[in-house]
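Down below is the structure, laid out as structure tokens.
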Amino acid sequence: MSRIELKKLVKRFKDTAVLSGIDLDVPEGSTLVLFGPSGAGKTVLLRCIAGAVEQDGGEVLIGGEDVTDVLPEHRGIGMAFQNFALFPHMDAFDNIASPLTACGRTADQIRAGVDTVAKLLKIDHVLSHTPKALSNGQKQRTALARALVSRPKVLLLDDPLRNVDAKLRFEMRLELPRLLADQGATVIYVTQDYREAMALGDRIAVLDGGRIIQNGTPEEIYRRPATINIAKLFGDPTINLLDVVPQSDASGVYASLSDRRIQLDPGLSGTVGRECVLGLRPEALSFTDADEGVPVTIEAETPFNEKTVTLVTTLRKREILVSRPAEMPAPTSGMAHITIDPSDAVLFDRQTGVRLDPNGTSHAAEKAA
Amino acid sequence: MDHRSALERILRAIALTAIVVFFMFPIFWIVLMSLQTNETILRSPPSMSFVPTLKNYAAIISGELDSNAGTMSIHFMNNLLNSILLSVFSVALALLLGVPAAYAFARHKFRGSEDIAFTLLSFRFAPPLLVLLPLTLYFQALGLANTYLGLVWVYQLICLPLILWIVRGYFEDISPDIEHAYRIAGHGWFATFRKIALPLAGPGIAAAGLLAFIFAWNNFVFALVLASADKQPVTVGALAFVTASGIQYGQIAAAIVMSIAPTLLLALWAQRYLVEGLSLGAVKG
């Protein structure tokens, strides 16, 4: 009933294409996170689905029906805006009640509906306040309550945690998945925060420059990012990116780091001699006592609560970040050796930034085929 | 909070007083004049000491002007009523037409929308007298000359562009997301206009309406040419005070006080809207 499909969606402003041919399929009841840097077109995409802006080409289908000619008020969508977009001249109750008043409920039904969702979001004590009198967190919850109150089949959430403080964002990141699951709605959730994306999405679609660069499960996006940019956007500390030129000999394909071999997947033989970038997640690296590890100099150590990040440099002064659980002992200064888990290494073409797959084709070529 | 020096405060007070005196003195003087007879007004040197009299007001209200050449009847109260009728209906019509138009121009970029908006503004470019000659001929042919309807129509040249451009700025100031949110919540575009756009632009509409009222009230030349005695507003009616037998300063002053009173009261009531509206309209226009 509420599957969302986009087919070759195009949106231009003047002559600039903001969305150039978006294809997307969000199955009923699932959550898709739309992830991308600012200006990628995420908000415009949501607005096209909501009907707030008209697309210049392509189709939006909700529940299998083309809604291109359906006015926004008839699409049956709940939406929370990044800037909350509360009605400043109405109190929180009327704000939340607005989707209910539209469909002619009685005053009792409206009160009951608003009270339920307000209790759920813990804003039942501020319902008589105007938006001006609400804190940012309360505004955000009011906006969310307004989107949820009519139990819409489709929920569009445009970076709702963007403008709230870190503590509340953390709380909401924990609460939201349960809340969204309870609703049973098909959700598209826009965010620029990779943690939010990983925590909330059944799938993540990475949008950049008006195109979907990658669409996959959080695991896939993290482990097998389609491009260098995606690899850099996901993960904290960020992925280590090292310029390498893969070589091969009798024992297989490898890249060298400080004269030590990093064994690559034999399927990558097609990349031999090509200028590449090797991506290594900081948590795929670990310190070792053994001499066969890559020799490095420890430069700085930054302890976080749950992990410790160490900045090391190789013999050729290339900087690498190593992350380890906080309780794991490790050398804190001087020379050390690190080992690399080659299964976590990803290889990108340096020129195009596209991931190179072991089967010899680049990710882009694979997609085209 | 106050970290200004004493000297600074004193200088400020002096400067403020000077400004207030400069701008308020003519009005103050007129109020004084309206309470004096012609003899005390014209004595030399002028003096602030006199026995106040309400004779001038009585004469204006009864419509019997005493001059040294005898009694003359005027229609000042009728003029005042005309002013009120013309201004109120002009502004009401301009709001009725201008506010939805302003909303359309603010929210929908249709083909030629900027050109139309600019054309409406350009009504204010032409010197009124240039427009008036052909207009008079048309109005006479149409039977609109010397009718309230015709005057209210012509007054749209003054009120409509003003309201349109100021209110448009206010509508543009409302985040479109707020309106989108209301639409997505399931309300039609007209409900959105009524329940969201209108209340949020309310102060702007009030300010624009007040300004238009002042401009309409003070209009002289349209009414002078297009209206005969019984339809004339105070601005034109004041001409009757200049007579062959001399100028009745006291009565003119009383008439002025009575004719600025309605706008002054209205302006005082909506003062904060007015200031906000002027500055915002200037920036956003």
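The values are calculated or read from the model by the stated rules, or taken from the named source; none is laboratory data. Nothing here was measured: the structure is a model prediction, and the numbers come from that model. Cβ coordinates were reconstructed from backbone atoms using ideal geometry, including for glycine residues, and neighbour counts include every protein chain displayed.
Output the residues belonging to region A:132-142 that are within 30 Å of A:Pro27 (Cβ to Cβ) and either among the polar types (S, T, N, Q) or modelled with pLDDT of 90 or more (or both).
A:Gln140, A:Thr142
Could you grab me the full set of residues in region A:214-247 that are among the aliphatic types (A, V, I, L, M) and out of contact with any helix residue (DSSP H, G or I) (no Cβ under 7 Å at 6 or more places or on another chain)?
A:Ile228, A:Ala231, A:Leu242, A:Val244, A:Val245 - these are the residues of region A:214-247 that are among the aliphatic types (A, V, I, L, M) and out of contact with any helix residue (DSSP H, G or I) (no Cβ under 7 Å at 6 or more places or on another chain).
Given the condition surrounded by fewer than 23 Cβ atoms within 10 Å (Cβ to Cβ), more than 9 Å from every other protein chain (Cβ to nearest Cβ), touching a residue at least 40 places away in the same chain (Cβ under 8 Å) and among the hydroxyl-bearing types (Ser, Thr, Tyr), answer yes or no: does some residue in region B:149-166 qualify?
No, because not a single residue in region B:149-166 is surrounded by fewer than 23 Cβ atoms within 10 Å (Cβ to Cβ), more than 9 Å from every other protein chain (Cβ to nearest Cβ), touching a residue at least 40 places away in the same chain (Cβ under 8 Å) and among the hydroxyl-bearing types (Ser, Thr, Tyr).
For region A:21-44, give me each residue that is among the aliphatic types (A, V, I, L, M) and within 14 Å of chain B (Cβ to nearest Cβ).
As a first pass, look at region A:21-44 and keep what is among the aliphatic types (A, V, I, L, M): A:22, A:24, A:26, A:32-34, A:40, A:44.
The one that is among the aliphatic types (A, V, I, L, M) and within 14 Å of chain B (Cβ to nearest Cβ): A:Val44.
Among the numbered criteria (1) charged (D, E, K, R); (2) within 14 Å of chain A (Cβ to nearest Cβ); (3) crowded, with 19+ Cβ neighbours inside 10 Å, which single criterion is violated by B:Lys231?
(2)
Can you report the number of residues in region A:114-131 which are among the small types (Gly, Ala, Ser) and either surrounded by fewer than 19 Cβ atoms within 10 Å (Cβ to Cβ) or modelled with pLDDT of 90 or more (or both)?
So the count comes out to 1.
Which condition does A:Glu196 not pass, out of (1) assigned by TED's automatic domain parsing to the domain that holds A:Arg324; (2) touching a Lys or Arg at 6+ places or on another chain (Cβ under 8 Å), if it passes all the others?
So A:Glu196 meets the others, but not (1).
Identify all residues within region B:1-35 that are more than 32 Å from the chain's Cα centre (by Cα) and assigned to a helix (DSSP H, G or I); write none if there are none.
B:Ala6, B:Leu7, B:Glu8, B:Arg9, B:Ile10, B:Leu11
Need a quick list: strands (runs of 3 or more DSSP E) entirely within region A:1-99 having at least 1 residues that are modelled with pLDDT under 90 and out of contact with any helix residue (DSSP H, G or I) (no Cβ under 9 Å at 6 or more places or on another chain).
Strands (runs of 3 or more DSSP E) meeting the threshold: A:4-13, A:16-26, A:57-62.
Would you confirm, using the coordinates I've provided, whether A:His89 is in contact (Cβ under 8 Å) with a residue 12 or more places away in the chain, within 18 Å of B:Arg183 (Cβ to Cβ) and not charged (D, E, K, R)?
Numbers: in contact (Cβ under 8 Å) with a residue 12 or more places away in the chain: yes; within 18 Å of B:Arg183 (Cβ to Cβ): yes; not charged (D, E, K, R): yes.
When the stated conditions are applied, A:His89 passes them.
Which ones in region A:45-73 are facing chain B (nearest Cβ under 8 Å) and loosely packed, with under 15 Cβ neighbours inside 10 Å?
In the first step, residues of region A:45-73 are kept if they are facing chain B (nearest Cβ under 8 Å); the result is A:47, A:50-52, A:71-73.
Within region A:45-73, just A:Leu71 meets the criteria.
Exactly one of these conditions fails for A:Arg151: (1) buried (at least 20 other Cβ atoms within 10 Å of the Cβ); (2) under 27 Å from A:Arg3 (Cβ atoms). Give me its number.
(1)
What number of residues within region A:290-316 are surrounded by fewer than 10 Cβ atoms within 10 Å (Cβ to Cβ), within 23 Å of A:Gly235 (Cα to Cα) and touching a strand residue (DSSP E or B) at 6+ places or on another chain (Cβ under 9 Å)?
Residues that pass the stated criteria total 1.
Could you tell me which residue of region A:273-289 is modelled with the lowest pLDDT, considering only residues that are farther than 24 Å from A:Ile230 by Cα and surrounded by fewer than 18 Cβ atoms within 10 Å (Cβ to Cβ)?
Among residues in region A:273-289 that are farther than 24 Å from A:Ile230 by Cα and surrounded by fewer than 18 Cβ atoms within 10 Å (Cβ to Cβ), the one modelled with the lowest pLDDT is A:Asp289.
Kindly list the number of the only condition in (1) surrounded by fewer than 18 Cβ atoms within 10 Å (Cβ to Cβ); (2) in a helix (DSSP H, G or I); (3) within 13 Å of chain B (Cβ to nearest Cβ) that fails for A:Arg111.
(3)
Any residue that is in contact (Cβ under 8 Å) with a residue 24 or more places away in the chain, outside the structural domain of B:Lys231 (by TED's automatic domain parsing), closer than 15 Å to B:Ala253 by Cβ and part of a loop (DSSP other than H, G, I, E, B) - is there at least one of those in region B:36-43?
yes
Condition first: among the basic types (Lys, Arg) and within 14 Å of another protein chain (Cβ to nearest Cβ). Now tell me which residues in region A:141-193 satisfy that.
The answer is A:Arg146, A:Arg151, A:Lys153, A:Arg162.
For region A:77-94, how many residues meet the condition of being more than 8 Å from chain B (Cβ to nearest Cβ) and either touching a strand residue (DSSP E or B) at 6+ places or on another chain (Cβ under 8 Å) or of a type in the set (A, V, I, L, M) (or both)? Show your work before the answer.
Of region A:77-94, the ones more than 8 Å from chain B (Cβ to nearest Cβ) are A:80, A:82, A:84, A:90-94.
Within this subset, residues satisfying the condition of being either touching a strand residue (DSSP E or B) at 6+ places or on another chain (Cβ under 8 Å) or of a type in the set (A, V, I, L, M) (or both) are A:80, A:82, A:90, A:92.
The total comes to 4.
When you go through A:Leu207, A:Leu161 one by one, which is the residue that is in the same structural domain as A:Val26 (by TED's automatic domain parsing), touching a residue at least 60 places away in the same chain (Cβ under 8 Å) and of a type outside the set (Phe, Trp, Tyr)?
After applying the criteria, what remains is A:Leu207.
Identify all residues within region A:327-347 that are among the small types (Gly, Ala, Ser) and surrounded by 12 or more Cβ atoms within 10 Å (Cβ to Cβ); write none if there are none.
Filtering region A:327-347 down to residues among the small types (Gly, Ala, Ser) leaves A:330, A:333-334, A:336, A:343, A:345.
Those that are among the small types (Gly, Ala, Ser) and surrounded by 12 or more Cβ atoms within 10 Å (Cβ to Cβ): A:Ala330, A:Ala336, A:Ala345.
Within region B:193-220, how many residues are more than 18 Å from B:Ile174 (Cα to Cα), of a type outside the set (S, T, N, Q) and not in a helix (DSSP H, G or I)?
The qualifying residues number 1.
Counting only residues that are part of a helix (DSSP H, G or I) and among the small types (Gly, Ala, Ser), which one in region B:167-192 is nearest to the other protein chains (Cβ to nearest Cβ)?
Restricting attention to region B:167-192, the residues satisfying the condition of being part of a helix (DSSP H, G or I) are B:167-173, B:176-184, B:189-192.
Applying the additional criterion that residues be among the small types (Gly, Ala, Ser) yields B:169, B:181, B:191.
Details: B:Gly169: 18, B:Ala181: 4, B:Ala191: 8 Å.
Ranking the qualifying residues of region B:167-192, first place goes to B:Ala181.
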